[in-house]
Structure formats: structure tokens, C-alpha cells
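The values are calculated or read from the model by the stated rules, or taken from the named source; none is laboratory data. Values in this document were obtained by computation on a predicted structure and should not be read as measured data. Backbone-built Cβ (ideal geometry, glycine too); neighbour counts: all protein chains shown. The protein model used for the area step is the full one, side chains on, heavy atoms only, and it has no ligands, DNA or RNA in it. Shrake-Rupley method; radii C 1.70, N 1.55, O 1.52, S 1.80 Å.
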Amino acid sequence: MRQAWRWFGPDDMVSLDDIRQSGASEIVTALHHVPNGVAWTYEAVRERQALIEESAPGRTQLRWAIVESIPVPDDVKRHGARAKASIGAWIASMEAVAKAGIRTICYNFMPVVDWTRTHLEWELSNGATALRFSHMHFAAFDMFILERPGADADYSERERAEAKAIHDAMTPAEVDRIIMTIASALPGSTTDPLSIPAFRERLKLYAGIDAAKLRQHLIEFLQVVTPVADKLGVKLTLHPDDPPRPLFGLPRIASSAADYQALFDSVPAPSNGICLCTGSLGVSPDNDLPAMARQFADRIHFAHLRATKREADGRSFFEADHLDGDVDMIAVLEALLEEDRRRPETEKIPFRPDHGHRMLDDLDKGGNPGYSAIGRLKGLAELRGAIRVLERIEAARAN
Ligand code: DNO
């Protein structure tokens, strides 16, 4: 398996040398400054690639191996007036990165909001901080800040009362913070940052789009892009919904094994793949991650390895240490390594550690929540150690 690391570009507080020191040598990044729906040019891709790959003599060679993400604009997801133009731009971006030799692209199909959390600096018992999704804070935002019409129906009476109490106790600064956290797009998000009025308008555009329609739009998107990807030798990896359930009454369709199976059945093209994100999928107790890793083995072209832990209400969760969440990470690694052994050297599975805790010196530093250096370094080191042991056990078994 290939060790990769997400880098947000020249403004990232984590430097390329920091990444070298983590032990990763493949870079996951995107042209985050290009607005959604605008085609990336080959020149812009080359410029970013040169920054990553042209290092001082003697330095570990880094390689931009994975694009995460080329954003799929909302008009594609809901079949708006500009859907066709946006798909054209998406294909042009894919062609630009393929021309530069980058052959793996991650994307998602979550409507209106990409990954969602309510707390970005939730203090753990050891003083480090973690990302967290609190179901009740989310409900407070949904019903009493966004004031989404019909939101009440999604919550029980007890939940409504609890969410109201949470909202009533919020200071104006806390209201601003939760708006920032939920609506303003987290690092790497592929959806547009929204003010509350813009959020309401965006939701209205989705009236009448249920899961079946959204899935159909994804299938139609893939029917257009996969023939080009196949020709270019590009693998597309659909990132799961995070969290894997509908939010704001919007459908989500990459939340379970059945969702992915339906997609692969509809569009069997070899380029149609999955980004196995154990943290996102692991939020649902119905997802058996080691089984999914086996079921979709040859479609896994990228893995995000992290672990979430569900809280007592079963709906809230926080980011745990990489080996200590609800997912059986060792069993997932066993399945991935089994697939990895079947693959030629050039097609080994790339993975990145994800959503580390903010800890040690990073506590005073700021920077992208979930993407500070030391927490991810810890995650990667734990994963690397586990992989090394599993490989040793397998080698002994084979002898
Ligand atoms: C969050 C990330 C997401 C992911 C996109 C993939 O940390 O996993 O932003 O990159 O959803 O398109």
C-alpha cells in the first residue's frame, strides 16, 4: 500500500518537508483556488505539480499522485440549467490532470454540503482536540438557525426540546461559530460556502429531488465521464457521504454497500471506483467495513483510513485515534493488503491518514481543522506499524 498525505497547497501550514518526515511520499491535493465548475488548465496543474515534485537535490522525491477533489457542482447533482457545461468543465479538468500523469481522482456527490461537523476543536480527555458531529447541535442549527421548513418532522419531540434548549443557551458568538462550521465549507470541501439566506435558496433548488433522482443523476454523470476516464487510464473514486445519512432533508446515495453496488452494477466501467473512507462509512453501524473492503476490493483505488466513534445517542460521533474507533481497522487493513498483493507494483492501493487530533505543538498553531501535522503523523505511524506487522505475519504464513 502507498502512503499518501493531503496537502492544501502553498498556503498549507504543513510543509512539504513535514510530509517527507511523516514517511509519506505521495501527495493528495487539488487546485483549491479554482472556483467550482471552472475547468482547470494544464498549465495550472503543471505549476502545482512542479511545486511538489521539483525538490532540492537529496530530498525525498514527492509525487502528486491523487487529485482530491475535482468538485462536482450542484447543478450536476440536481440537473440544473448549467449541468452540461459543468460536466464539460469537469472532463476538461480530468484531461488536464491526466496529461500531467496523475491518474487517480477523488470526487463526491453530496448535495449542498460536503463533509459536516458541528465542533472543530472538541476537547478530549488528554487535552488534544478532535472534530465532532453532535446530533443535537446539528438539530439546533437545522431547526432554529437555518429554520428549514419541515425540519421539525425529522426529529422526535424529545430531540426538538433538547435542540431548543441548546439553541436558547447559545451566545451570538456560538451561533456564528456553528454557522461557520456547518455552512461555510470545511477544508477541502467541494461545495460552496453559504450564508444562511443562500443556504435556504440552495435547498429550495432541490425540491423534488429524492434518492432515486439523485442516483440517476450520478449514473448519468458517470456514463459521460467514465468513457473518457477509461481512455485516459484514470481511476475515479467516489468518496462516501459524511456522515452517511441524509442531512437537511436532502438525499445521500453513497452511504452503504448497497449504494455502491447499485452504482457499479449500473456503470461497470473499470474507471468507476470507490474511495474507501472508513471514517465516513464507519459512522453507520450497518456498514461492515472489512466486508465492504472485500466486496469492492478491485474497485478501491484510494483509501482514507481514519476511525470515528459513535456516542451514546448513536447519532453523534467524534474522530477517535486511528486504530481505536468503531471500525475494525486491523481487519480492514487485512482485506486491503490481500487485494494489494494481487496488484502489480504500479497499482498498489494509495491511502492517507485522515482527520488527526490537534495535539502537542499544533494546539497553539491554528491551521486546517483535522489536517494539522502531528495528529495525522500519529495516525500514519500507527497504520504503518500495523501494516508492517500484518505483512510479516502473511510472509510467515506463505513460507
Ligand atoms: C474531508 C474530506 C472531504 C473529501 C471530499 C471528497 O476531510 O474527506 O472533503 O475530500 O468529500 O470529494
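Over the range 282-399, with the other protein chains present, what is the accessible area per residue in square angstrom, probe 1.4 angstrom? Walk me through the intermediate numbers first.
Values: 5300 Å² over 118 residues.
Value returned for the range 282-399: 45 Å² of accessible area per residue.
Once the Cα gyration tensor of the range 1-52 is found, what semi-axes does its equivalent ellipsoid get, as square roots of 5 times the eigenvalues, in whole Å, sorted largest first? Before the final figure, lay out the partial values.
Values: eigenvalues 98, 26, 21 Å².
Semi-axes, largest first: 22, 11, 10 Å.
Given labels modelled 7 Å from the Cα in the Cβ direction, how far is it in nm from H33 to M13?
2.1
I'd like the carbon and sulfur percentage of the solvent accessible area for the chain, probe radius 1.4 Å, heavy atoms only, ligands and nucleic acids excluded. Mind showing how you got there, number by number?
Working: 8530 of 16530 Å².
Carbon and sulfur: 52 percent of the exposed surface of the chain.
Counting only helical runs of four or more DSSP H residues, what would the 222 nm mean residue ellipticity of the chain come to if each run contributes -39,500 (n - 2.57) and the total is spread over all its residues? Could you put the intermediate results ahead of the total?
On the way: 14 runs with 162 residues, N = 399.
After summing the helix terms and dividing by the residues of the chain, the value is -12500 deg cm²/dmol.
Taking a threshold of 32 Å on the Cα-Cα distance, which of the pairs K84/K235; K309/K348; K309/K365; K77/K378; K164/K309 fall above it? Display every interim value, and only then the final one.
On the way: K84/K235 22 Å; K309/K348 28 Å; K309/K365 26 Å; K77/K378 36 Å; K164/K309 25 Å.
Flagged as over cut-off: K77/K378.
What ³J(HN,Hα) values, in whole Hz, does the Karplus curve 6.51 cos²θ - 1.76 cosθ + 1.60 give for the range 307-324 when θ = phi - 60°, with x put for Gly and Pro?
3J(HN,Hα) across the range 307-324, in whole Hz: 10, 10, 10, 6, 8, 4, 6, x, 10, 8, 7, 9, 7, 8, 4, 4, 9, 10.
What's the percent breakdown of Cα-Cα distances in the range 1-144 across 10 Å bins, shortest bin first?
10, 30, 30, 22, 7, 0
Can you work out the Karplus-derived ³J(HN,Hα) for every residue in the range 185-198? Use 6.51 cos²θ - 1.76 cosθ + 1.60 with θ = phi - 60°, whole Hz, and x for glycine or proline.
6, 6, x, x, 4, 9, 9, 6, x, 10, 7, 4, x, 5
Bin all alpha-carbon pair distances of the chain at 20 Å intervals from 0 and give each bin's fraction as a whole percent.
27, 61, 12, 0
Filter the GluC sites (Glu not before Pro) in the range 299-367 down to the DSSP loop ones having no more than 15 other Cβ atoms within 10 Å, then list what survives. Don't skip to the end; give the middle numbers.
Details: sites: E311, E319, E334, E338, E339, E345, E347; in loops: E311.
Listed in order of number, the matching sites are E311.
Given a 10 angstrom Cα cut-off, can you work out which residue in D12, D152, D168 is the most mobile in a GNM of the chain?
Between D12, D152, D168, it is D168 that shows the largest mean-square fluctuation.
Tell me, what is the per residue accessible area of the range 120-200 in Å², probe radius 1.4 Å?
Values: 3930 Å² over 81 residues.
Per-residue value: 49 Å².
How much accessible area per residue does the range 1-67 have, counting only protein heavy atoms and a probe of 1.4 Å, in square angstrom? The partial results should precede the final answer.
On the way: 3120 Å² over 67 residues.
Here the per-residue accessible area is 47 Å².
Please compute the net charge surrounding A254, taking Lys and Arg as +1 and Asp and Glu as -1 over other residues with Cβ under 10 Å from its Cβ. Let's see the in-between values first.
On the way: positive: R215, R252; negative: D241, D242, D259.
Result for the local shell: -1.
Roughly what percent of Cα-Cα pairs across the range 120-200 reach past 21 Å? Present the calculation step by step, with values, prior to reporting the outcome.
Working: 1121 of 3240 pairs.
Tail fraction, whole percent: 35.
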